[in-house]
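One structure is given here, and the rest of the page talks about it.
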Amino acid sequence: MTSPLLRHHHRRRLLSTCTRALKCVSRSISWNPTGRPQQTLASSVSRSGTALHSGDFTTARLLPAAAGEGRFFVAGHSRPRTRIPAAIGHVVDSALCTTLSRDGTRVRTVEHLLSALEACGVDNCRIEIDGGDEVPLLDGSAKEWVEAIKQVGLCVAEDQHGYTLDKLVPELHEPLYLWHGSSFLIAFPSQKICITYGIDFPKVPSIGCQWFSSFMDESTYTKEIASSRTFCVYEEVEGMCRAGLCKGGSADNAIVCSITGGWLNPPLRFFDEPCRHKVLDLVGDFSLFAQNGNQGLPIAHIIAYKAGHALHTDFVRLLSRSSTELRERLLR
């Protein structure tokens with residue numbers, strides 16, 4: 001019979017071996033402790049407004065959630081209502097927004113709200129949607145969502161047993177890239193989160209080619225990104241409406257640019273507001289990499305050019321596959 005002391009040494013040796021193996025096989029991504037507990041909202045808060053594509057007047061109510069639950073939507077008309085995790089596995093194809101779906105229930109235009117939650121460190125959150133299947137657009141940016149979060153504040157999240165969970169952050173260890181035609185998205189290892197984004201509208205001189213690059217933390221996001229509004233080209237609006245999109249779009253929730261007439265509802269909040277808004281979208285879409293209340297946006301230098309929601313979410317799927325392959329190798 002093996003003595004308890006020998007069994008103890010064996011467990012320590014096995015743990016050491018597993019740790020070395022983890023470091024060895026984490027070629028693309030590792031999940032590392034931040035030294036901080038997961039957080040949630042200190043109390044509930046809601047915002048209502050017109051939805052971009054349906055034109056419905058909807059309400060999103062944000063409520064505290066337990067540690068490890070992550071961010072999730074509650075939507076639909078059936079009882080009980082459908083719970084849809086804000087995770088890449090629930091993303092479905094949709095035009096001009098990011099849509100989550102489960103068991104026939106969907107929630108559209110989730111990117112601005114998720115962007116604010118990710119950037120402000122709301123790791124666990126229950127989001128109830130009423131009045132339709134879409135998050136309200138508000139002013140077309142994430143500014144009002146950030147203000148709502150600041151209004152109620154954050155607190156340490158606890159699980160059902162009263163325990164806290166350490167927040168993990170994904171870190172990239174080797175370059176990953178993806179492209180669709182002339183659009184691309186690439187991520188390099190970095191000591192800090194940095195986002196570089198480029199857009200190019202050669203037929204719309206007032207937008208033209210723009211680049212924005214910055215290290216990204218909550219302060220930078222709040223001051224430089226959150227208030228950047230969604231934008232559109234005036235000459236494309238009629239076609240979008242014929243496709244059943246942008247029924248709720250207006251000069252109050254978007255900045256509109258004409259090919260010949262320039263900006264129709266100035267002033268801009270930043271000279272490169274369209275490009276900054278694409279960074280806002282990217283943060284929201286990358287939040288879908290989050291798992292069990294951990295961070296979604298990886299520690300990496302992310303470079304995107306002429307990307308959009310489809311390329312963003314395809315890249316998150318690439319990240320997710322890399323993370324899944326890591327777990328599978330550890331379990332062999």
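The values are calculated or read from the model by the stated rules, or taken from the named source; none is laboratory data. Computed from a prediction, not measured in an experiment: that's the story for all the values here. Note: ideal-geometry Cβ built from the backbone for every residue, glycine included; neighbour counts use all protein chains shown. Just the protein is used for accessible areas: all its heavy atoms, side chains included, with ligands, DNA and RNA removed. Shrake-Rupley method; radii C 1.70, N 1.55, O 1.52, S 1.80 Å.
Quick notes
- Filter pass, C97 being surrounded by fewer than 24 Cβ atoms within 10 Å (Cβ to Cβ) and within 26 Å of I195 (Cβ to Cβ): yes
- Residues of region 274-332 that turn out to be farther than 20 Å from K167 by Cβ, at pLDDT below 95 and among the small types (G, A, S), as a count: 1
- From the options D123, D166, D130, residue that is farther than 28 Å from N265 by Cβ and either within 18 Å of the chain's Cα centre (by Cα) or among the basic types (K, R) (or both): D123
- If you go through region 159-187 and keep only what is within 16 Å of G121 (Cβ to Cβ) and either among the acidic types (D, E) or open to solvent by less than 40 Å² (accessible area, probe 1.4 Å) (or both), you end up with D166, K167, V169, P170.
- Condition check for G293: open to solvent by less than 10 Å² (accessible area, probe 1.4 Å) and on the phi > 0 side of the Ramachandran plot: yes
- Out of G162, G153, sole residue that is among the small types (G, A, S), in contact (Cβ under 8 Å) with a residue 40 or more places away in the chain, out of contact with any helix residue (DSSP H, G or I) (no Cβ under 9 Å at 6 or more places or on another chain) and farther than 23 Å from K306 by Cα: G153
- Looking at K143, K150, just one residue is crowded, with 20+ Cβ neighbours inside 10 Å, of a type outside the set (G, A, S), modelled with pLDDT of 95 or more and within 30 Å of I255 (Cα to Cα), and that residue is K143.
- Selected residue (criterion: nearest to F201 (Cα to Cα)) from residues of region 155-182 that are part of a loop (DSSP other than H, G, I, E, B) and in contact with a strand residue (DSSP E or B) (Cβ under 9 Å, 6 or more places away or on another chain): S182
- Qualifying residue in region 5-19 (condition: at pLDDT 95 or above and exposed (fewer than 15 other Cβ atoms within 10 Å of the Cβ)): no
- Within the option set V107, V122, being β-branched (V, I, T) and either over 28 Å from H301 (Cα atoms) or surrounded by fewer than 20 Cβ atoms within 10 Å (Cβ to Cβ) (or both) holds for one residue only, V107.
- If you go through region 95-143 and pick out every residue that is part of a strand (DSSP E or B) and among the polar types (S, T, N, Q), you end up with 4.
- Search result, residues across region 247-270 that are open to solvent by 30 Å² or more (accessible area, probe 1.4 Å), over 19 Å from S227 (Cα atoms) and among the hydroxyl-bearing types (S, T, Y): T260
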